[in-house]
Structures are given as C-alpha cells and as structure tokens.
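What follows draws every value from the coordinates through simple rules; no lab data is involved. None of the values given here were measured: they were computed from a predicted structure. Every residue, glycine among them, receives a Cβ derived from its backbone with ideal geometry; neighbour counts consider all protein chains shown.
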C-alpha cells in the first residue's frame, strides 16, 4: 500500500506533471486521484480515503481558496494535509491560506525532491494506507 494522493488542478498537463513528479520522487504511492476544480476535489475527499492533497489556487467552478474553506467547514483540514501548488506569488494570499490550515506551498515550476520533502514533513511516521 502507498499514500493515497489527491491532485486538484484545472490543467490536465499540470495534473499529469504533478503525478509524474510524485512517482519520480521515490514516495510510496497508492492511488493518485484527480479533480479539475475544488468542487470535484471535495467530492473525491468525501468518497475516498486521501492521505494528502495537492491543489492549485486558480481554478474555475470552485477555486482553491473556496475549496480550503469548505474543507475547513467539513473537518477535512484536521486530518488531511493540504499543499498548494501554484504560480501564485501573493504572499498575503498564501499566508491567509496557511492561517486557514494549508500546510505548505510549492511554487510552479517544481522539483520531485520538493514533493518528497513536503510529504515526509507532513506525514512523518504515518504509514501509507
């Protein structure tokens, strides 16, 4: 078994790149689930066991900020770490997300090592499900 990962991004190319980067990182992975917006991401969280979420901020239908707010309301932020993966450079917006409960921020473009280091830090000693 490996970590169950949810990748939320409106770009199919970015979703594929994140999945490939996670696989290249050497992490023990199980299923990688995908969503194209925050609403789909919430649906995936409600219906699947997820160990960690990697999400963009700027998406249609429901953006990453709205998704994080909904995750907080539904109690997901208490048990599922969230990593924002975005081109967002507004430190005010990033800090507001961290204050809400987001655990980390990775800026695009990214390196495989960043994903491994982030997962190792956020899920220390947690057995992959």
Checklist entry - Where is the GNM fluctuation largest for the chain (alpha-carbon springs, 10 angstrom cutoff): 96, 35, 70? => result 96
Item to check | Spatial separation of Cα centroids for the range 1-23 and the range 72-129, in angstrom | outcome: 14
Item to check | Gain upon complete extension [residue 12, residue 48; 0.36 nm per residue less C-alpha separation] | outcome: 10.9 nm
Checklist entry - Rounded, prolate or oblate: which fits the chain, taking a ≥ b ≥ c as square roots of the Cα gyration tensor eigenvalues, rounded meaning a/c under 1.5, else prolate when a/b beats b/c? => result rounded
Checklist entry - If the chain between residue 98 and residue 1 were fully stretched, how many nm would it gain, using 0.36 nm times the residue separation less the Cα-Cα distance? => result 32.0 nm
Checklist entry - Once both labels are modelled 7 Å past Cα along the beta-carbon direction, what's the residue 89-residue 108 spacing in nm? => result 1.5
Checklist entry - Does anything in the range 27-49 have its amide N under 13 Å from the 7 Å Cα→Cβ label point of residue 79, and if so which residues? => result 45-49
